[in-house]
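These notes are about the structure you will find just below.
The values are calculated or read from the model by the stated rules, or taken from the named source; none is laboratory data. Just so it is clear, the model here is predicted, and its values are computed rather than measured. Positions of Cβ are backbone-derived with ideal geometry, glycine not excepted, and every protein chain shown enters the neighbour counts.
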Amino acid sequence: MSDANRMVPGPWRGIGLPDKEEVKTDLLNTRVKPENALSLSEFKVMKFIQEIQTKFSEILERKAGLLTELRKFLNQERIDCEELVRTLERNYFKIIGEAINDLVSEIEKNEQILGLEAAKEFIEKIQNSLYLDPEKDGDLINKLEAELAKLIQNSYQLEEPLNLVPRYQLALISDGGKKLEQFRRRVKEALERKDDKEQLEDLVNELKGLVEEISALKIMLVFPSPSSRVLSERKAYELKAEYDQLRRSANYQAILISEGGKKLEQFKERVQAALKRNNYRELKDLVNEISALKIMLVFPSPSSRVLSEREACELKAEYDQLRRSANYQAILISEGGNKLKDFEKRVQEALRSNDEKKLEDLVKEISALEIMLVFPSPSSRVLSEREACELKAKYQSMIEEVQRRLRKLRSST
């Protein structure tokens with residue numbers, strides 16, 4: 001068996017396929033005894049898996065050969081960095097990437113043979129084989145990073161700019177494979193501890209730390225295109241998407257822990273108490289507090305595949321409803337009631353006197369009111385917002401009445 005064959009990680013080990021003891025023991029190396037022959041469906045699964053194994057072993061052999069060539073290239077006294085990039089793209093990413101894509105396509109077409117879960121696991125293991133292993137290939141990764149970093153620093157000297165291709169390759173090599181799996185595991189382990197009430201503060205800090213770590217990765221600092229003709233750029237796009245999903249999951253969970261639950265209930269109680277007291281200053285302070293919360297400064301999607309992001313979207317909606325309730329009640333207190341009556345009186349006096357200057361000043365004064373600078377919805381579930389809508393309509397009616405009189409006065413002169 002070649003070195004490449006010995007390197008095969010055996011992604012299918014442990015997957016529950018046919019319920020035969022021989023298959024459970026080792027799907028790939030089974031020698032079935034005549035008295036315990038597999039059924040036709042089990043034999044079909046076995047045969048297909050062995051075909052995949054053979055093709056995957058061939059890919060790993062080619063990968064091992066290409067990495068040997070790459071090591072020789074990097075051991076030269078003088079390295080042509082531009083040629084290094086082209087070698088990576090042409091002789092590594094293109095060849096291995098296309099072989100992996102072909103094998104993945106074959107598995108997807110025959111997904112019903114393996115079953116969905118097994119097929120997914122096979123595909124993930126095979127796709128990860130594109131990346132280098134930091135434990136086995138650490139020396140190669142370090143040399144590549146050093147040379148590609150030089151090229152990026154001196155890219156302005158190139159006759160034909162290579163754009164960000166080196167960055168994509170560098171990010172794939174350094175941030176893919178086992179590193180991605182390690183981050184997945186760390187985020188998963190952290191999220192599994194979210195019900196530990198005694199350690200919530202530590203958990204929030206841990207999640208924030210993970211967000212910062214992921215955000216600082218090379219792959220997160222480039223902007224690859226999913227439709228690029230460059231294979232490594234497309235792969236970098238997929239890798240970045242996976243890290244971004246991990247980051248979003250950790251980030252929104254940290255927000256949910258720190259600003260959901262008891263904190264949300266406390267804000268609800270404080271807003272209700274302020275509404276009962278009709279305290280303008282207290283309501284405005286609450287509006288400012290809520291507006292400054294972390295949940296109000298992010299934009300979670302209600303259709304996200306990340307559960308914590310969807311939950312964060314619901315949490316933001318609750319806080320926003322509290323904020324709107326407090327804000328519109330504060331406006332009603334300051335600009336409704338006696339203030340509204342006072343403006344109505346002043347408008348009527350100005351209309352009777354036909355004082356053009358007073359009428360113009362009133363339009364400016366009413367237009368500058370806080371109620372005229374917000375956009376309450378008449379169908380809102382928040383009572384104070386619906387009432388604010390009615391209040392705004394009354395002030396708007398005054399403005400229109402004054403403007404009509406002004407047009408009439410100006411047309412007569």
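Right, residue 291: at pLDDT below 95 and of a type outside the set (A, V, I, L, M, F, W, C) or not? The answer is no for residue 291. Identification of helices (runs of 4 or more DSSP H) wholly contained in the stretch 300-413 with 2 or more residues that are of a type in the set (Gly, Ala, Ser) yields 307-335, 337-353, 383-411.
Here is a yes/no grid of residues against (1) modelled with pLDDT of 75 or more; (2) hydroxyl-bearing (Ser, Thr, Tyr); (3) at positive phi:
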{"residue": "74", "(1), (2), (3)": "yes, no, no"}
{"residue": "106", "(1), (2), (3)": "yes, no, no"}
{"residue": "133", "(1), (2), (3)": "yes, no, no"}
{"residue": "138", "(1), (2), (3)": "yes, no, no"}
{"residue": "141", "(1), (2), (3)": "yes, no, no"}
{"residue": "160", "(1), (2), (3)": "no, no, no"}
{"residue": "174", "(1), (2), (3)": "yes, yes, no"}
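For the residues 287, 306, the requirement of being of a type in the set (Val, Ile, Thr), under 22 Å from residue 383 (Cβ atoms) and not assigned by TED's automatic domain parsing to the domain that holds residue 211 singles out 287.
Among the residues of the stretch 281-335, those identified as aliphatic (A, V, I, L, M) and under 14 Å from the mean Cα position of the chain (by Cα) are 298, 306, 307, 312.
Answer yes or no as to whether residue 410 is loosely packed, with under 12 Cβ neighbours inside 10 Å and over 46 Å from the mean Cα position of the chain (by Cα). Yes, satisfied. On inspection, residue 116 does not qualify as buried (at least 16 other Cβ atoms within 10 Å of the Cβ), among the hydrophobic types (A, V, I, L, M, F, W, C) and out of contact with any Cys (no Cβ under 9 Å at 6 or more places or on another chain). With respect to residue 247, determine if the residue is at pLDDT 90 or above, surrounded by 18 or more Cβ atoms within 10 Å (Cβ to Cβ), charged (D, E, K, R) and in the same structural domain as residue 181 (by TED's automatic domain parsing). It is true that residue 247 is at pLDDT 90 or above, surrounded by 18 or more Cβ atoms within 10 Å (Cβ to Cβ), charged (D, E, K, R) and in the same structural domain as residue 181 (by TED's automatic domain parsing).
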